[in-house]
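Colleague: Below you will find the structure I want to go over with you.
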Amino acid sequence: MTSRAKLKNAEWNGLIRNKQDNKMHIISSTFYKSFTKIEDIKTLGLPEIAFLGRSNVGKSSLINDLCRNKIAKTSQTPGKTRLINYFTVNNNLLYFVDLPGYGYAQVSKQERASWPKMIEEYLAKSEHLRKVFFLLDIRRMPNEMDKAINDWIKQVPDIEPVYILTKYDKLSKSQAQAAKIKIALELFVDQSRFIFYSVTKNVGRAEVLKQLDEL
């Protein structure tokens, strides 16, 4: 795999941090392009922050919440994200990359099988990937596909994934803590790598932005 493009720390920090509080702020965001194949991806060579997870896990809602802007389409119907969607953030400073949600049954076998393959190929070939956020529904234990994708993420050089447990508001605090422990054990991941997230309860946004701040 080719070496990943990286901005110098001083350059990165100066561009995305607010000068008053020295913290990451998202000041602008917009849809850039969608791609059906990895080989078709043509970008400006900006650093990429990838979001991936099972269908209906809440990727689009989380991206919209982070950006405080409805740039990603949301739907009550699972499997809405079937393309690799790129969004520019902070005046073309970086990309948020919304990868296809996998696991939705109400499509053809061929289409369903293509999504994990697309994710694996993106993780292997993206030269500008800087961070991976793996979203998991806190109410569900990881299935075999979750575990396979987790193994792919772990193989990406120089990337330490962050695990976001969505739907946090659906459980009590004690239930959420117990679920985190079980999910961490299933994936063989340290509990410190997990972030609880709820759009409705405004939980987790600051922690995710802090992860971007630490790039």
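Colleague: Just the residues that are buried (at least 18 other Cβ atoms within 10 Å of the Cβ), at negative phi and in contact (Cβ under 8 Å) with a residue 40 or more places away in the chain, please, taken from the range 175-210.
Modeller: The answer is A179, K180, I183, L187, F196, Y197, V199, V208.
Colleague: Just checking, how many residues over the range 141-174 are without any contact (Cβ under 8 Å) to a residue 40 or more places away in the chain, exposed (fewer than 13 other Cβ atoms within 10 Å of the Cβ) and more than 16 Å from the chain's Cα centre (by Cα)?
Modeller: Here the count works out to 5.
Colleague: Let me spell it out: the conditions are (1) surrounded by 20 or more Cβ atoms within 10 Å (Cβ to Cβ); (2) at pLDDT 90 or above, and S34 meets all of them except one. Which number is the exception?
Modeller: S34 satisfies every listed condition except (1).
The values are calculated or read from the model by the stated rules, or taken from the named source; none is laboratory data. Just so it is clear, the model here is predicted, and its values are computed rather than measured. Here the Cβ is made from the backbone with ideal geometry for all residues, glycine too, and neighbour counts use every protein chain on show.
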